[in-house]
Amino acid sequence: MLPQDPFAYALSSNQAWAGYKGHQNPEFFNKLAAGQSPSILWLGCSDSRCPETTILGLQPGDVFTHRNIANIVSPTDINTSAVIEYAVAHIKVKHVVLCGHTSCGGAAAALSDARVGGVLDTWLTPLRALRAAHRDELDAIADDKARAARIAELNVEAGVAVLMANATIREHVEDRGLQVHGTLFDIASGRVRDLGFGTSKGAKMGADTGGAGIAGGGGGGEVVRGRHARLVFRTDGAAMQVQ
Ligand SMILES: [Zn+2]
């Protein structure tokens, strides 16, 4: 629980974090300040439970990001398009990851006939169209959470289709093997699952690597943090080592 003033707490937390990071790695902020070369563009939901860098166990500088309500990829949204253009054509990320999630408020709203109000109904129109297109399948799912998770998956599939039709992305897929992935973050377990859309057919990210990357004592890995367990990142993958 946060104390009375969440903003004041956040600022003090930032001070502590910056001190911790600087102590842990004195070059950390100098390197960050020198520039960025992230390998991943993450397109996700604005939901506070889906902070991409945190849930991926990565660090500042690792993930270029665009998030909006219900991770909707609209080809006419100049915001999303500008982020994609910069990340793909200028930063030259290697992976574009679209990630939906369970318990998405946007998905739940799209499954309801009630108006949300303001601009939100307009924004959620693509999701409502998706609901209409898959009405039989969705109506057959009795559990509300499961139905919301399913429309979140369908939304990722539709979003990946938009990404794969994006002219810049197509060019970079062809020219340099840019990869596009559709994924779903399960909030209840903390796991990101590769849905197999886009250029990655059946590739896995996250926990399903089966422990192949369990660290045996360094080997070029960087120990990140943890009292009872530590995350170890190596060139061949990341893993958690329980102490
Ligand atoms: Zn969401």
Inset, instruction - Residue by residue through the stretch 56-72, note down the ones that are among the hydrophobic types (A, V, I, L, M, F, W, C) and within 16 Å of the ligand (Cβ to nearest atom). - result: ILE69, ALA70, ILE72
Inset, instruction - Using the structure shown, decide if VAL96 is farther than 30 Å from ASP144 by Cβ, touching a residue at least 40 places away in the same chain (Cβ under 8 Å) and surrounded by 15 or more Cβ atoms within 10 Å (Cβ to Cβ). - result: yes
Inset, instruction - Identify, by number, the condition in (1) open to solvent by 20 Å² or more (accessible area, probe 1.4 Å); (2) within 16 Å of the ligand (Cβ to nearest atom); (3) within 15 Å of the chain's Cα centre (by Cα) that VAL83 doesn't meet. - result: (2)
Inset, instruction - Return yes when SER39 is within 27 Å of VAL162 (Cα to Cα) and polar (S, T, N, Q) and no when it is not. - result: yes
Legend entry - Residue in the stretch 99-107 that is within 21 Å of SER48 (Cβ to Cβ), assigned to a helix (DSSP H, G or I) and open to solvent by 20 Å² or more (accessible area, probe 1.4 Å) present: yes
Inset, instruction - Return a yes/no flag: does the stretch 116-139 have any residue that is hydroxyl-bearing (Ser, Thr, Tyr) and touching a residue at least 60 places away in the same chain (Cβ under 8 Å). - result: no
Inset, instruction - Looking only at the stretch 11-55, count how many residues are more than 16 Å from the ligand (Cβ to nearest atom) and either surrounded by 13 or more Cβ atoms within 10 Å (Cβ to Cβ) or not hydroxyl-bearing (Ser, Thr, Tyr) (or both). - result: 28
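The values are calculated or read from the model by the stated rules, or taken from the named source; none is laboratory data. On a predicted model such as this, the values are computed, not experimentally measured, just so you know. All Cβ positions, glycine included, derive from the backbone under ideal geometry; neighbour counts span all protein chains shown. Protein only, heavy atoms only, side chains kept; ligands, DNA and RNA dropped before computing areas. Shrake-Rupley method; radii C 1.70, N 1.55, O 1.52, S 1.80 Å.
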